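The values are calculated or read from the model by the stated rules, or taken from the named source; none is laboratory data. Note that this is a predicted model, so its numbers are computed, not measured. Please note: Cβ atoms are built from the backbone with ideal geometry, for glycine as well, and neighbour counts cover all protein chains shown.
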Amino acid sequence: MRKKIILCLQVFVLSVMLLSCINDDVTADMAVQPEFSCEVLDMGTVFTGLPSPVYAFKVYNRDKDGIVIGSIAFRDESVTGRFLLNVDGASGEVFENILIRGKDSIYVFVEAVLPPVGTPEPVRVSVPLDFMTNGVRSTVLLEASAQDVVYVESVTLDGVTEWDARYPYNIYGNVTVPEGSTLNIARGARLYFHAGAGLHVYGHLVVDGTSDAPVVMCGDRFGCVASSAVPYDVVPGQWRGIELSGASSDGNMNYTTVANTERGIVADGTSRLHLLNCRLRNSSSSVLSAVGADVTAVGCEFSGAPSGVVVLDGGHHLFNHCTIANDYIFAPVEEAMLILKAEHTEVSCANSIVYGLGALMSPLDISGRSVFFERCLLKANGIDDAGFSEILWGFDPRFDVSLEEYRFDYRLTSGSPAIGAGDASLSLPESSVDYYGLQRGAAPDLGAYVYRDTPQSN
């Protein structure tokens with residue numbers, strides 16, 4: 001009992017000592033003002049009618065004494081209900097007498113629910129959020145681009161369906177194209193898929209992007225992951241992806257980006273997939289998986305996956321002026337970039353690049369298989385044989401990639417051995433221009449993209 005009493009006294013004394021170290025003095029000095037982690041909180045694009053992702057900024061008290069923020073409120077009362085706040089753990093729209101101890105800080109979380117704007121183009125919204133401290137007003141500006149969208153819930157399409165580029169599509173649930181039906185997606189269309197959503201094709205999928213108006217199919221998160229510099233546009237697993245199934249299914253996709261998926265594009269059965277100048281990026285598994293299906297890919301990028309960037313299991317496949325690359329940062333890369341699961345898988349690959357994290361190919365020994373690489377740059381060190389002809393073995397293609405800056409641009413930079421290394425006689429007619437509309441010419445570069453020595457932009 002004596003030991004228990006002594007222990008309790010020790011805990012009590014320690015608690016008192018710790019509390020005595022906290023300075024609860026509060027200053028009313030007008031010169032002492034809060035500081036903010038940002039003057040403008042840019043919430044990016046916000047789809048109207050639904051809550052945005054939650055954004056945050058910090059409010060700092062740099063003084064040794066505490067400060068009391070008398071009020072936190074929107075300057076314009078008409079925005080009531082459009083922006084929702086959480087200040088130091090409490091939700092509301094107006095806050096009073098918020099204490100920040102000396103040398104401490106609090107978080108302010110912001111969520112937007114914006115009304116329709118009535119135009120296809122986004123409308124910029126700018127809302128002052130005022131902080132009154134010791135009689136002085138400080139302001140953080142909340143900004144967002146309000147974008148009207150076409151909301152699509154789980155639906156089975158019938159007949160021929162046309163999706164144009166006037167408004168973006170925000171897709172919740174699964175969109176199913178049944179056998180005998182067709183989904184046509186026009187040039188410049190933007191499809192943003194919510195978590196768990198996907199596109200299932202048992203009929204026909206036609207995506208008609210162009211170099212000056214590509215089609216985008218990606219997740220519906222914008223900006224950066226909370227409290228980080230990681231942009232959502234490189235984050236995988238945000239939606240399920242595209243699945244082609246059945247004997248009569250086919251996909252013809254031109255100038256299309258498919259990104260942020262769980263499974264990329266999965267084609268199975270006897271489906272057929274034709275890709276021209278497409279970009280399949282950032283998947284939690286593979287960006288392209290074909291099981292028994294036939295794939296033709298011209299001028300395409302396949303990049304960013306932990307479980308094989310491209311997985312082929314049977315079928316007949318042609319890759320011409322393609323880039324298969326991997327710099328996946330969200331999980332260990334344990335599989336080869338190109339996986340050939342079945343011995344009867346047939347592959348012809350020319351004027352292409354396979355380079356990045358993971359082994360080149362599995363299996364690497366393709367003796368006796370109908371697999372042929374011609375005039376390609378490959379990561380592995382090897383020698384030409386019956387399956388490999390005029391190969392640039394083990395060279396770094398010098399992609400414009402920076403992991404520190406989260407830049408995954410698989411265009412070539414100055415000094416790349418892939419520049420001018422292609423064989424024009426192996427280039428298919430439809431490969432004459434790349435995704436950006438640049439001509440390949442008589443001495444084409446290897447891979448999906450034509451090198452240019454001027455500053456690049458996406």
Exercise for the section: Quick one: count up the residues across segment 427-456 that are modelled with pLDDT of 95 or more and either of a type outside the set (A, V, I, L, M, F, W, C) or in contact with a Pro (Cβ under 9 Å, 6 or more places away or on another chain) (or both). Expected result: 18
Exercise for the section: Could you check ARG82 against (1) more than 19 Å from SER37 (Cβ to Cβ); (2) outside the structural domain of LEU199 (by TED's automatic domain parsing); (3) touching a strand residue (DSSP E or B) at 6+ places or on another chain (Cβ under 7 Å); (4) surrounded by fewer than 18 Cβ atoms within 10 Å (Cβ to Cβ) and say which number it fails? Expected result: (4)
Practice task
Considering only segment 427-446, state which residues are crowded, with 19+ Cβ neighbours inside 10 Å and of a type in the set (S, T, N, Q).
Solution key: SER427, SER431
Handout entry: Residues that are closer than 21 Å to ARG166 by Cβ and either part of a strand (DSSP E or B) or not assigned by TED's automatic domain parsing to the domain that holds GLY44 (or both), drawn from segment 101-124
Key = VAL123, ARG124
Exercise for the section: Report whether or not GLY70 is over 30 Å from TYR151 (Cα atoms), in contact (Cβ under 8 Å) with a residue 12 or more places away in the chain, touching a Lys or Arg at 6+ places or on another chain (Cβ under 6 Å) and surrounded by 13 or more Cβ atoms within 10 Å (Cβ to Cβ). Expected result: no
Completion exercise
Across segment 435-450, the tally of residues that are within 18 Å of ARG398 (Cα to Cα) and within 25 Å of the chain's Cα centre (by Cα) stands at 4
Exercise for the section: Identify, by number, the condition in (1) in a loop (DSSP other than H, G, I, E, B); (2) touching a Lys or Arg at 6+ places or on another chain (Cβ under 8 Å); (3) farther than 30 Å from VAL152 by Cβ; (4) of a type outside the set (Ser, Thr, Tyr) that CYS38 doesn't meet. Expected result: (2)
Exercise for the section: Identify, from the list GLY246, GLY269, GLY203, GLY219, the residue that is at pLDDT 95 or above and farther than 28 Å from LEU41 by Cβ. Expected result: GLY203
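Okay, residues lined up against (1) under 30 Å from MET30 (Cβ atoms); (2) assigned to a loop (DSSP other than H, G, I, E, B); (3) within 27 Å of the chain's Cα centre (by Cα):
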{"site": "VAL127", "(1), (2), (3)": "yes, no, no"}
{"site": "ASP130", "(1), (2), (3)": "yes, no, no"}
{"site": "ALA146", "(1), (2), (3)": "no, no, yes"}
{"site": "GLU162", "(1), (2), (3)": "no, no, yes"}
{"site": "ALA165", "(1), (2), (3)": "no, yes, yes"}
Handout entry: Out of LEU191, LEU199, LEU205, sole residue that is more than 26 Å from PRO51 (Cα to Cα) and crowded, with 19+ Cβ neighbours inside 10 Å
Key = LEU205
Handout entry: Failed item in (1) in contact with a Gly (Cβ under 7 Å, 6 or more places away or on another chain); (2) not in a loop (DSSP other than H, G, I, E, B), with GLY180 passing the rest
Key = (2)
Handout entry: Flag for ASN61 being buried (at least 18 other Cβ atoms within 10 Å of the Cβ) and at pLDDT 95 or above
Key = yes
Practice task
Can you confirm whether segment 329-348 contains a residue that is surrounded by 23 or more Cβ atoms within 10 Å (Cβ to Cβ) and at positive phi?
Solution key: no
Practice task
Give me a count of the residues in segment 406-426 that are farther than 17 Å from GLY356 by Cα, touching a Pro at 6+ places or on another chain (Cβ under 6 Å) and either buried (at least 21 other Cβ atoms within 10 Å of the Cβ) or β-branched (Val, Ile, Thr) (or both).
Solution key: 1
Practice task
Please go through segment 386-405 and pick out each residue that is surrounded by 13 or more Cβ atoms within 10 Å (Cβ to Cβ) and of a type in the set (A, V, I, L, M).
Solution key: ILE391, LEU392, VAL401
Fill in the blank from the handout: GLY188 vs (1) part of a loop (DSSP other than H, G, I, E, B); (2) over 13 Å from the mean Cα position of the chain (by Cα); (3) in contact (Cβ under 8 Å) with a residue 40 or more places away in the chain: all pass except (3)
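Residues are listed down the side, and each one gets a yes or a no for (1) in a helix (DSSP H, G or I); (2) within 31 Å of the chain's Cα centre (by Cα); (3) at pLDDT 95 or above:
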site	(1), (2), (3)
LYS3	yes, no, no
PHE12	yes, no, no
LEU18	yes, no, no
ASN23	no, no, no
ILE67	no, no, yes
GLY81	no, yes, no
Practice task
Kindly indicate the residue of segment 267-287 that is surrounded by fewer than 24 Cβ atoms within 10 Å (Cβ to Cβ), farther than 18 Å from TYR410 by Cβ and not polar (S, T, N, Q) and also farthest from the chain's Cα centre (by Cα) among those meeting that condition.
Solution key: GLY269
